[in-house]
1. Could you tell me the largest-minus-smallest coordinate of the C-alpha atoms of the range 45-128 on each of the three principal axes, in descending order and whole angstroms?
2. Given +1 on the Cβ of Lys and Arg, -1 on the Cβ of Asp and Glu, and no further charges, what dipole in debye does the chain carry about its Cα centre, rounded to the nearest 20?
3. Can you divide the C-alpha Rg of the range 348-403 by 2.2 N^0.38 Å and report the result to two decimal places?
4. Report the local net charge at Ser254: Lys and Arg +1, Asp and Glu -1, summed over other residues whose C-beta lies under 12 Å from its C-beta.
5. For the range 121-267, what number results from the quotient of the Cα radius of gyration and 2.2 N^0.38 Å?
6. Step through the residues of the range 197-203 one at a time and calculate ³J(HN,Hα) from phi using the Karplus curve (6.51 cos²θ - 1.76 cosθ + 1.60, θ = phi - 60°), rounding each to whole Hz and writing x for Gly and Pro.
7. Which far-off residues, 5 or more places away or on another chain, put their amide H under 5 Å from the one on Tyr109, with H placed in the peptide plane?
8. Considering the Cα trace of the range 1-69, what is its radius of gyration and what is Dmax, both in angstroms?
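The values are calculated or read from the model by the stated rules, or taken from the named source; none is laboratory data. Quick caveat: nothing in here was measured; it's all calculated off a predicted structure. Cβ coordinates were reconstructed from backbone atoms using ideal geometry, including for glycine residues, and neighbour counts include every protein chain displayed. Note: accessible area is taken over every heavy atom of the protein model, side chains too, but ligands, DNA and RNA are not part of it. Shrake-Rupley method; radii C 1.70, N 1.55, O 1.52, S 1.80 Å.
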Amino acid sequence: MATAAELEAQGFRPLDETSLVAYIRATPALAASLGGRVDALEVKEVGDGNLNFVYIVLSDGGSVVVKQALPYIRCVGDSWPMTRERAYFEASALQEHGRLCPDHVPEVYHFDRAMSLIGMRYIRPPHIILRKGLIAGVQYPLLAEHMAEYMARTLFFTSLLYNSTTDHKKRVAQYCGNVELCRLTEQVVFSDPYRVSKFNHWTSPFLDKDAEAVREDDGLKLEIAELKSMFIERAQALIHGDLHTGSIMVTTDSTQVIDPEFAFYGPMGYDIGAFLGNLILAYFAQDGQADQANDRKDYKEWILKTIEESWNLFQQKFVGLWNKHKDGNGDAFLPAIYNNPELLSVAQKKYMTSLFHDSLGFGSAKMIRRIVGIAHVEDFDSIEDASKRASCERRRLIVQRRS
C-alpha cells in the first residue's frame, strides 16, 4: 500500500471532521449545496459500512453527504489494501443510475477523483436504512413498487436490449477498471465460504457443523462455480453490485438506493438476487426478533408478499420497457428477426425465466456468505441470544442446502 507521503503526492489525504470543513469551504459545488452558509457547519461521521468514511454536513442553508474512499478496507484495516478508484465507479454509477431512475437515486453534486471523494444529496430523516426498518418490523407499502422500478430501469437501459453492441462495449470497458472490488466479491461470496479461510466466522459453536457441511458439499460447490463463472463473464448490464438492504434508505413513501461502489457490467440476476436474498434473510431473522408482545407472524407474511411482488412487478416493468423499445437500437433481439408478437413473447418468456433462475442462484450465494463468511448482517447479529440466533441462521442454511 502507498505511504502517506506517496498518497499526498497523488493529491489524496484522508479528511477528518475539521479538515472536511476547510475542504467544503474551498469547493464551490459543496458550498452551494449548503446554500453558501459555510461559517457554522455541523459535521457528523456516520459510516457504519465496511469500506469508507461518510459524513453528514448541515448548515442553516442546506445539507450534503460527503463520502471518501480509503486505500484499505475500513472494517479490516490497512492490512487489506483496497483501491481508492472505487469512488470513481461509485460516482459514475450514481450519475448513470440517477439519470435513468432519478426518483430513487441521490444526486451527485461533486466528485474529486484525486481525493476519492463524492458529495451527494443528503437523504434526510425520517429515511432510515432498510435493514434497520426490517429489524424494527416496519412495513413499507411502496418498497416492492419502487425497487422493481429501480431495477427494471437501471438494468434494461444499460443492457443490449436497449443499446447497440458498440455503445454497450464502450461502457463495459469503462467499468472493467473496477476489478479490485469485483475480485473482492469473487473472494467473499464465491470462494471463502466454501474453504477454510481466516476471514470466515459464524455463530460458534452452534454452527460449527453447519459451516463444515457447506465446505464439504460438492454439489453446492459445483453450483457456486457456475454462478462465479457467470459473475465474472456475463457483462449483461450496469449492476449496482451490492444491492442489499443496507444499501437502501426508506420511508413509507420513499425509497433511495445508495452505495454502488461495486458497480460494473455484470449479470442482472446478481442485483435482483442480492435484494431478494436479503429480504429472505430478514424473514428468517424475524423469529429471533419476536417477543411476547409481537410474534412477528404478520410481518413475516408481509416480507413474503414483498418478495413476490418485487419480482412480479420487476418482470412486468422490464418486459414493458422491452416492448416499448423493441424497435430501437438494441442489438440483442433485432426487430427484423423477432418480427411477430408470438415469437417475441416466447423469447421474452425464456429470457425472464433464465433471469429468475439466475436471481435465485445469486441470492442463495449472497445468503450463505452472510452466515458463514466474513461480513454478516445485523438482522441476525442483533439477536443477542446466540443459540436463538444460530437457530434462525441454521433454518436458512437448511432450506438452501435442500433446495
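1. 38, 27, 23
2. Taking the Cα centre of the chain as origin, the dipole is about 620 debye.
3. So the range 348-403 has a normalised radius of gyration of 1.40.
4. The answer is -2.
5. With N residues counted in the range 121-267, Rg over 2.2 N^0.38 Å equals 1.24.
6. Per residue, the Karplus-derived 3J(HN,Hα) values read 9, 5, 8, 6, 7, 7, 6 Hz.
7. Result for Tyr109 returns Gly119, Met120, Arg121.
8. Final numbers for Rg and Dmax: 13.0, 40 Å.
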